[in-house]
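The values are calculated or read from the model by the stated rules, or taken from the named source; none is laboratory data. Small disclaimer: the values here were computed from a predicted structure and weren't measured. Every residue, glycine among them, receives a Cβ derived from its backbone with ideal geometry; neighbour counts consider all protein chains shown. What goes into the accessible areas is simple: the full protein's heavy atoms, side chains included, and nothing from ligands, DNA or RNA. Shrake-Rupley method; radii C 1.70, N 1.55, O 1.52, S 1.80 Å.
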Amino acid sequence: MAGVTSINLVEHALLVSIQDDITDTEILELQDRLSTKISENRVDGVILDISALEIVDTFVGRVIAQLAGISRLLAADTYVVGMRPTVAVTLVELGMYLPEIRTALSLTHALAQLRRV
Amino acid sequence: MPSPSYAAFDEKDLGAQVLLSQYKLRTSGDAVTVRQAVARYMKEHGATALSVTRFATAVSEIARNAIVHAGGGEFSIYVDPRAKQLTVVCWDKGPGIEDVELALTDGYTSGGGLGRGLGGAKRLAKIFEIRTAIGGGTSVLMSVNL
Ligand SMILES: Nc1ncnc2c1ncn2[C@@H]1O[C@H](COP(=O)(O)OP(=O)(O)OP(=O)(O)O)[C@@H](O)[C@H]1O
Ligand SMILES: [Mg+2]
């Protein structure tokens with residue numbers, strides 16, 4: 001059941017698929033891996049796929065914001081895709097609006113947005 | 001002087017509910033384990049996707065609080081015999097919360113958090129009760145209808 005969060009190059013974007021049971025140590029490692037990958041590859045954008053996440057609590061919400069922050073600092077556009085509707089409703093109730101994060105409906109949409117820039 | 005009484009819940013608070021499972025909370029992985037266990041049980045008993053996400057998120061917040069603010073704790077899942085309600089109790093022997101009203105206020109954190117966990121859990125769980133004593137730990141009880 002424990003999946004590994006993967007980073008794959010899709011067109012000129014890095015696709016990060018975050019697993020539901022990701023732990024604190026894996027998150028630190030992921031931040032590291034992501035920043036290395038961004039600087040190694042010539043990427044236009046980073047797409048965080050959170051469709052595997054059954055919940056997003058304040059902790060995971062903060063992690064998503066941090067990952068987006070890192071990739072933006074390294075000059076890559078960032079999109080979050082695949083947020084489940086139930087997760088969106090719950091985030092609003094938590095009072096987490098993730099204002100700095102751009103969401104896209106799907107991977108296809110996010111890639112289309114990135115091609116435009 | 002009486003010994004410090006832990007701010008706990010007991011049989012009286014749980015009524016006819018029976019213990020389903022019990023977990024130790026030490027690492028963030030344990031918080032994931034308990035919220036996944038709660039979600040699995042709710043899904044098996046026909047809870048809606050929204051109800052599962054809301055309650056599992058509340059569970060994650062209070063489990064993480066026990067780990068982060070109290071150095072760990074214990075987590076129990078109870079169900080009533082007809083399985084119409086699920087109750088969780090999360091308790092720790094940490095420092096306790098001095099001002100519960102303040103802790104429940106959105107944006108209040110004593111650490112580097114967002115301060116939305118406790119207040120958020122209360123909104124998400126509907127049935128939410130907290131007992132705490134300075135130096136005597138913290139217990140949170142939350143219930144959801146199945
Ligand atoms: N089990 C606990 N033991 C001791 N103090 C606690 C406990 N749970 C919560 N608190 C106190 O209540 C405050 C508010 O908790 P809350 O979960 O809302 O915010 P947080 O944990 O600081 O940040 P986050 O938004 O990441 O959850 C905490 O900062 C802490 O001081
Ligand atoms: Mg918290």
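Structure notes:
- Residue within the range B:70-83 that is assigned to a loop (DSSP other than H, G, I, E, B) and under 14 Å from the mean Cα position of the chain (by Cα) present: yes
- Within the range A:52-82, restricting attention to residues that are within 14 Å of another protein chain (Cβ to nearest Cβ), over 10 Å from the mean Cα position of the chain (by Cα) and away from ligand 2 (no atom under 16 Å from the Cβ), the residue that is surrounded by the fewest Cβ atoms within 10 Å (Cβ to Cβ) is A:52.
- Filter result for residue B:52 (at pLDDT 95 or above, open to solvent by less than 30 Å² (accessible area, probe 1.4 Å) and more than 16 Å from ligand 1 (Cβ to nearest atom)): yes
- Candidate set: the range B:56-71, residues that are open to solvent by less than 10 Å² (accessible area, probe 1.4 Å) and out of contact with any Phe, Trp or Tyr (no Cβ under 9 Å at 6 or more places or on another chain); chosen: the one farthest from ligand 1 (Cβ to nearest atom): B:56
- For the range B:108-119, the count of residues that are away from ligand 1 (no atom under 11 Å from the Cβ) and not in a strand (DSSP E or B) is zero.
- For the range B:55-92, filtering for residues that are within 13 Å of chain A (Cβ to nearest Cβ) and of a type in the set (Val, Ile, Thr) leaves 5.
- Exactly one residue out of B:38, B:52, B:32 is free of Cβ contacts under 8 Å to residues at least 60 places away in the same chain, within 12 Å of another protein chain (Cβ to nearest Cβ) and more than 18 Å from residue B:123 (Cβ to Cβ): that is B:32.
- Of all residues making up the range B:87-107, the number that are more than 9 Å from ligand 1 (Cβ to nearest atom) and in contact with a Leu (Cβ under 8 Å, 6 or more places away or on another chain): 3
- Candidate set: the range B:45-69, residues that are out of contact with any strand residue (DSSP E or B) (no Cβ under 9 Å at 6 or more places or on another chain) and assigned to a loop (DSSP other than H, G, I, E, B); chosen: the one nearest to ligand 2 (Cβ to nearest atom): B:48
- Within the range A:1-24, the set of residues being among the polar types (S, T, N, Q) and either surrounded by 14 or more Cβ atoms within 10 Å (Cβ to Cβ) or modelled with pLDDT under 85 (or both) comprises A:5, A:17, A:19, A:23.
- Among the residues of the range B:52-73, the ones that are within 25 Å of residue B:146 (Cβ to Cβ) and in contact with a helix residue (DSSP H, G or I) (Cβ under 8 Å, 6 or more places away or on another chain) come to 15 in all.
- Residue A:25 being more than 17 Å from residue A:61 (Cβ to Cβ) and within 13 Å of chain B (Cβ to nearest Cβ): yes
- Within the range B:79-110, if we keep just the residues that are of a type in the set (Gly, Ala, Ser) and open to solvent by less than 40 Å² (accessible area, probe 1.4 Å), the residue that is nearest to ligand 2 (Cβ to nearest atom) turns out to be B:103.
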